[in-house]
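A.B. asks: One structure, pasted below without further comment.
Values quoted throughout were computed directly from the atomic coordinates according to the rules given, and no laboratory measurement underlies them. All values reported here derive from a predicted model rather than from experimental measurement. Cβ sites come from the backbone with ideal geometry, for glycine too, and all protein chains shown count toward neighbours.
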Ligand SMILES: [Zn+2]
């Protein structure tokens, strides 16, 4: 197996090197030892600083993945490096990209800030649906906000054409607060309209197709 040092050397030479994928896969599945993690995150901060802002997708997405898996102790131990990475992410976030990559960027930024929930779960927006449990009856619901329409359903709408569905109530700007408001505002600022719209659905309300209870979708993502 190629060592982390070797992979980092290849990755540092090219913002799109294949080594980035290898490192990312390893971060997602096997993880790294504590010593490797510290080496890696420190090197990532240096590499990100060398790359132009628009070339930081691989390096900062990987840093975000590492941060998302860190416990509080690791966050404290790497606090200075994480602060550097957050600083480097500020220039990177608004550089032009597609909506999917932008969602990964937002997720990485939240992970670098230590947001344990959205630093992981924001990725679910990429699929134009989130799956949550009804807070009242516990039914598993799909909250869909893509090309197939905007609705909640307990049925498998991917394979069936006719499913029981209730309309979603997207959050108005005034209803947004906390992380939802922040994600929405950042998306609007940089012209990522479709991401901003998806956020109004995830932080808006849905109605259960089984028991008719209306609830805030993001509250259920937090509990899922
Ligand atoms: Zn229900």
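A.B. asks: Quick check on packing: order 55-67, 210-222 by the mean number of other C-beta atoms within 10 Å, highest mean leading.
C.D. replies: 55-67, 210-222
A.B. asks: For the chain, what does the helix formula give at 222 nm: sum of -39500 (n - 2.57) over DSSP H segments with n ≥ 4, over the residue count, nearest 500 deg cm²/dmol?
C.D. replies: -16000 deg cm²/dmol
A.B. asks: Roughly how tilted is helix 18-29, in degrees to the nearest 10 and between 0 and 90, from the longest Cα axis of the chain?
C.D. replies: Here the helix axis deviates by roughly 60 degrees.
A.B. asks: Same structure, new question: Given points 7 Å out from each Cα along the Cα-Cβ axis, report the residue 54 to residue 5 separation in nanometres with one decimal.
C.D. replies: A separation of 3.6 nm, rounded to one decimal place.
A.B. asks: Pulled fully out, how much extra length does the chain show between residue 140 and residue 173, if you take 0.36 nm times their separation in residues and subtract their Cα-Cα distance?
C.D. replies: Gain in length upon complete extension: 9.1 nm.
A.B. asks: Taking one equal scatterer on every alpha-carbon of region 128-223, how large is log10 of I(q)/I(0) by Debye at q = 0.10, 0.11, 0.15, 0.18 1/Å?
C.D. replies: -0.25, -0.30, -0.55, -0.77
A.B. asks: Here's another thing I want to ask about it. Bins of 5 Å, beginning at zero and ending with the bin holding the largest distance: percent of Cα pairs per bin for the chain, please.
C.D. replies: It works out to 1, 7, 14, 17, 16, 13, 12, 9, 6, 3, 1, 0, in whole percents.
A.B. asks: Roughly what angle does helix 57-69 make with the longest principal axis of the chain, taking Cα atoms, 0 to 90 degrees, to the nearest 10?
C.D. replies: 70 degrees
A.B. asks: How high is the relative contact order of the chain? Use alpha-carbon pairs under 8 Å, at least six apart in sequence, and give a whole percent.
C.D. replies: Relative contact order, the chain: 14 percent.
A.B. asks: Continuing with the same structure: Over region 43-117, what is the relative contact order in whole percent, taking alpha-carbon pairs under 8 Å and six or more residues apart?
C.D. replies: 45 percent
A.B. asks: Counting only the backbone N, which residues of region 160-183 are under 18 Å from the spot 7 Å out from the Cα of residue 148 toward its beta-carbon?
C.D. replies: Within reach of a label on residue 148: 160-169.
A.B. asks: Here is a further query. Can you tell me the 0 to 90 degree angle between the C-alpha axis of helix 34-50 and the longest principal axis of the chain, rounded to 10?
C.D. replies: 90 degrees
A.B. asks: Which whole-number percent gives the relative contact order of region 8-70, counting Cα pairs below 8 Å spaced six or more residues apart?
C.D. replies: Computed value for region 8-70: 41 percent relative contact order.
A.B. asks: Pick from 146, 138, 204: which residue has the top mean-square fluctuation in a GNM of the chain where Cα pairs under 10 Å get a spring?
C.D. replies: 138
A.B. asks: Now, a different point. Counting only the backbone N, which residues of region 103-123 are under 20 Å from the spot 7 Å out from the Cα of residue 90 toward its beta-carbon?
C.D. replies: Answer for this model: 105-115.
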